[in-house]
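Enquirer: Below is the structure I would like to discuss, written out as structure tokens.
Just so you know, all these numbers are worked out from the coordinates, no wet-lab data involved. Everything numeric in this text was worked out from a predicted model, so none of it was measured. Cβ: placed from backbone, ideal geometry, glycine included. Neighbour counts: every protein chain shown.
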Amino acid sequence: IENQTIAAPVAAGEPGSLPASDALVQIRRVRKSFGAHQVLRDVSLEVPAGTVTVLLGPSGSGKSTLLRCVNHLETIDGGRIIVDGELIGYRQSGHRIHEMTPKQIAKQRRGIGMVFQKFNLFPHMTALENVVEAPVGVVGRARPLARQRAMDLLARVGLEDFAGHYPAQLSGGQQQRVAIARALAMDPKLMLFDEPTSALDPELVGDVLDVMRELARDGMTMIVVTHEIGFARSVADQVVFMDGGVVVEAGSPAEVIDAPQRQRTRNFLESVM
Ligand code: ADP
Ligand code: MG
């Protein structure tokens, strides 16, 4: 791989190295451009295992791109992303860094669940079949076991009575909860949510947030892009405010939401609260 794509991981103590960290997610000086447009400008953040980070920021600030870089939907131009001790997209052997093979990438992606604004369920499959599909079709789990586990997951998101329903027979909120169950079926070590309630009617938002709150309580590591400030305040361990491709400020909800230090953060919060 070309050296300019990613700097070799720096040994501890080497000049320019970052402090060692055992955070589950380590995003370090990540850069990403689309053509001449630099969308991520040296973004760094860490997410310790078992914690929830809420990403806030105006439209176009780079939040989705950052999540997509973590989940291999985009490649980064510089910096590095480490999840559970592994570089995203790259393998190290000795001092050399190699791009991962598609098979290695697929394996790494399976450890990271992602839930989008649009639920993207398979319309011709029931809720249960949607949840069973990847464990059976992608990693070859035995179907009876996968079905049992899928039923447990549907119960966990409050949909045990809707296993046989098709997406078109479910509300948006119910579809989103199936999408969460489907992501959980692969036993991810990290869950990414990109505005999971933005496409929902207001009265359906609460049930989805409750499922996410429950997931956080059970110890799932999560990065959540949302404008739901109440959720951020009550669930986030860390709130990160992004604008123009940079992290403007990060801290606890009490710090970033209730006592923002930067004018840009205050302006944004006023616009959404
Ligand atoms: P956010 O999620 O914070 O609204 P995005 O990460 O979606 O922001 O987008 C950040 C910027 O990158 C925007 O200006 C957007 O238009 C641009 N962008 C995102 N994806 C692409 C792409 N595939 N090609 C070109 N520009 C893109
Ligand atoms: Mg977005």
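Enquirer: Quick one: grab the alpha carbon gyration tensor of the range 137-225, order the square roots of its eigenvalues as a ≥ b ≥ c, and give me rounded if a/c is under 1.5, else prolate or oblate depending on whether a/b is larger than b/c.
Expert: oblate
Enquirer: Distance between the C-alpha centers of the range 50-74 and the range 183-229? Whole Å please.
Expert: If we compute the Cα centre of each part, the gap is 14 Å.
Enquirer: Now a separate question. Between ILE105 and PHE122, what is 0.36 nm times their sequence separation minus the Cα-Cα distance? Round to one decimal in nm. Before the final figure, lay out each step's value.
Expert: Values: separation 17, 0.36 × 17 = 6.12 nm, distance 2.30 nm.
Length difference between fully extended and current span is 3.8 nm.
Enquirer: Still on this structure: Which Rg and Dmax, in Å, describe the Cα atoms of the chain?
Expert: Rg and Dmax of the chain, Cα atoms, are 19.1, 58 Å.
Enquirer: Take ASP42 and GLU203, extend 7 Å from each Cα along the Cα→Cβ direction, and tell me the distance between the two endpoints in nm.
Expert: The modelled label-to-label distance comes out at 5.0 nm.
Enquirer: Taking a ≥ b ≥ c as the square roots of the Cα gyration tensor eigenvalues, with a/c under 1.5 meaning rounded and otherwise prolate when a/b beats b/c, else oblate, which class fits the range 174-273?
Expert: Details: a/c = 2.10, a/b = 1.65, b/c = 1.28.
Taking the square roots of the gyration eigenvalues as a ≥ b ≥ c, the range 174-273 is prolate.
Enquirer: Let me have the relative contact order for the range 178-273, percent, based on Cα pairs under 8 Å that are six or more residues apart.
Expert: Rounded, it is 21 percent for the range 178-273.
Enquirer: Suppose R0 equals 35 Å; then what is the FRET efficiency for SER252 and HIS165 from their Cβ-Cβ distance, rounded to the nearest 0.05?
Expert: Working: r = 40 Å, r/R0 = 1.14.
Taking R0 as 35 Å, the efficiency between SER252 and HIS165 is 0.30.
Enquirer: Run the simple label-point estimate for SER33 and ASP237 please: 7 Å along Cα→C-beta, distance reported in nm.
Expert: Placing both labels 7 Å beyond Cα along the Cβ direction yields 3.6 nm.
Enquirer: Another question about this same structure. Per 0.36 nm of contour for each residue apart, how much would the distance between ALA23 and ASN267 grow if the chain were fully extended, relative to their Cα-Cα spacing?
Expert: 84.8 nm
Enquirer: If the reach is capped at under 26 angstrom between alpha carbons, list the lysines near LYS118, excluding any in the same chain fewer than eight residues apart.
Expert: Output for LYS118: LYS32, LYS63, LYS107, LYS189.
Enquirer: For the range 23-171, what is the per residue volume of the convex hull drawn over the alpha-carbon atoms, in cubic angstrom?
Expert: Values: hull volume 24.5 nm³, N = 149.
Normalising the Cα hull of the range 23-171 by residue number yields 165 Å³.
Enquirer: First measure r as the distance between the Cβ atoms of ALA142 and GLU214, then evaluate 1/(1 + (r/R0)^6) with R0 = 25 Å and state the FRET efficiency to the nearest 0.05.
Expert: Working from the Cβ atoms, E equals 0.35.
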